[in-house]
1. Out of Thr126, Thr151, report the one residue that is over 28 Å from Thr48 (Cβ atoms), within 14 Å of the chain's Cα centre (by Cα) and buried (at least 22 other Cβ atoms within 10 Å of the Cβ).
2. Considering the stretch 170-201 alone, what residues qualify as being more than 10 Å from the ligand (Cβ to nearest atom), of a type in the set (Ser, Thr, Tyr) and in contact (Cβ under 8 Å) with a residue 24 or more places away in the chain?
3. When you scan the stretch 33-50, do you find a residue that is closer than 23 Å to Cys147 by Cα and either modelled with pLDDT under 95 or of a type in the set (A, V, I, L, M) (or both), even just one?
4. Among the residues of the stretch 70-120, which ones are on the phi > 0 side of the Ramachandran plot and in contact with a Lys or Arg (Cβ under 6 Å, 6 or more places away or on another chain)?
5. Out of curiosity, is Pro62 of a type outside the set (Gly, Ala, Ser), over 22 Å from Ser155 (Cβ atoms) and away from the ligand (no atom under 16 Å from the Cβ)?
Amino acid sequence: MRWTLGTAWRRLLTFCPASGSLAADSSVYHDAETGFTFSQFAAAYVLTSTVTFRLALPSPAPTNASYDAVLQVVAPISLTGWVGLAWGGTMLNNPLTVFWENNNTPVISTRFATTRSLPPVYSGATLQVFKTGTHVNSTHWQFTAKCTGCTAFTSSSGSKTVLNPTGVNRLAFAYGSAKPSTPSSSSSSFGVHDVYAYWNHDFSAAGNTAFSSLVAKNLGTAVLSGPKYSH
Ligand code: HEM
């Protein structure tokens with residue numbers, strides 16, 4: 001029954017408007033806690049709940065070279081499986097930022113898939129979790145992290161893609177309801193998604209002229225796998 005619902009919902013979610021229409025699905029969010037201006041999208045991973053993806057970028061950002069991006073994710077505490085962000089808007093040949101909650105700690109893993117099977121760990125992108133903007137309360141868990149290497153990638157044919165920092169980019173997410181098999185480890189294996197979907201994210205609304213100083217201010221003690229949340 002659960003699988004039937006999941007499949008129907010996935011079909012609904014994967015409906016995409018005709019190509020060419022790149023109207024943004026995201027909105028602007030100013031985060032008073034970290035000081036970043038984000039462009040955000042709330043992705044419905046089940047019928048009644050969303051996980052919010054927020055992106056903050058340097059402004060100006062280079063147009064033909066990789067640039068750092070700050071990713072802030074807000075997820076309901078009822079979300080106990082895994083979620084992944086596909087920076088290139090597809091499962092294959094782009095950095096996948098996969099994350100889940102374990103013992104009040106965000107576990108974040110960078111992956112890269114060349115086949116539609118469990119994506120292996122990817123060393124071409126690194127994430128630094130910020131001390132500020134990473135916490136849990138009675139309803140949601142949240143992390144804020146800087147990614148180096150998420151905004152540019154090379155496909156299997158060797159062609160390079162750089163996400164347009166001043167335009168709209170198509171992103172994708174995936175959600176698996178089952179907990180990863182070794183939830184404390186960022187290299188854990190996990191099962192296939194129940195849901196995936198796409199949206200158009202307006203990077204031009206995510207620019208921060210004070211990007212570097214905000215990164216330095218929010219970084220705190222840098223840890224790769226995520227700090228313990230404070231309650
Ligand atoms: C164990 C891990 C995974 C397996 C076995 C897997 C398998 C598959 C398969 C078989 C498909 C084809 C469509 C279908 O029948 O559902 C698919 C599509 C897709 N997957 Fe995965 N997947 C995994 C992880 C991920 C992750 C981590 C992401 C994103 C972060 C992701 C994003 C997508 C997307 C967006 C599609 C739609 C087709 C596309 O746009 O490329 N998958 N996956």
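The values are calculated or read from the model by the stated rules, or taken from the named source; none is laboratory data. From a predicted model like this one, the values you see are computed outputs, not experimental measurements. Quick reminder, even Gly has a Cβ in these numbers, built from the backbone with ideal geometry, and neighbours come from all protein chains shown.
1. One residue alone meets the criteria, Thr151.
2. Across the stretch 170-201, the qualifying residues are Ser177, Ser184, Ser185, Ser186, Ser187, Ser188.
3. Scanning the stretch 33-50, I find at least one residue that is closer than 23 Å to Cys147 by Cα and either modelled with pLDDT under 95 or of a type in the set (A, V, I, L, M) (or both), so the answer is yes.
4. Answer for the stretch 70-120, where residues must be on the phi > 0 side of the Ramachandran plot and in contact with a Lys or Arg (Cβ under 6 Å, 6 or more places away or on another chain): just Gly89.
5. It is false that Pro62 is of a type outside the set (Gly, Ala, Ser), over 22 Å from Ser155 (Cβ atoms) and away from the ligand (no atom under 16 Å from the Cβ).
Each row is one residue, and each column tells you yes or no for (1) modelled with pLDDT under 95; (2) within 10 Å of the ligand (Cβ to nearest atom).
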| residue | (1), (2) |
| --- | --- |
| Trp82 | no, yes |
| Met91 | no, yes |
| Phe99 | no, yes |
| Val121 | no, no |
| Lys131 | yes, no |
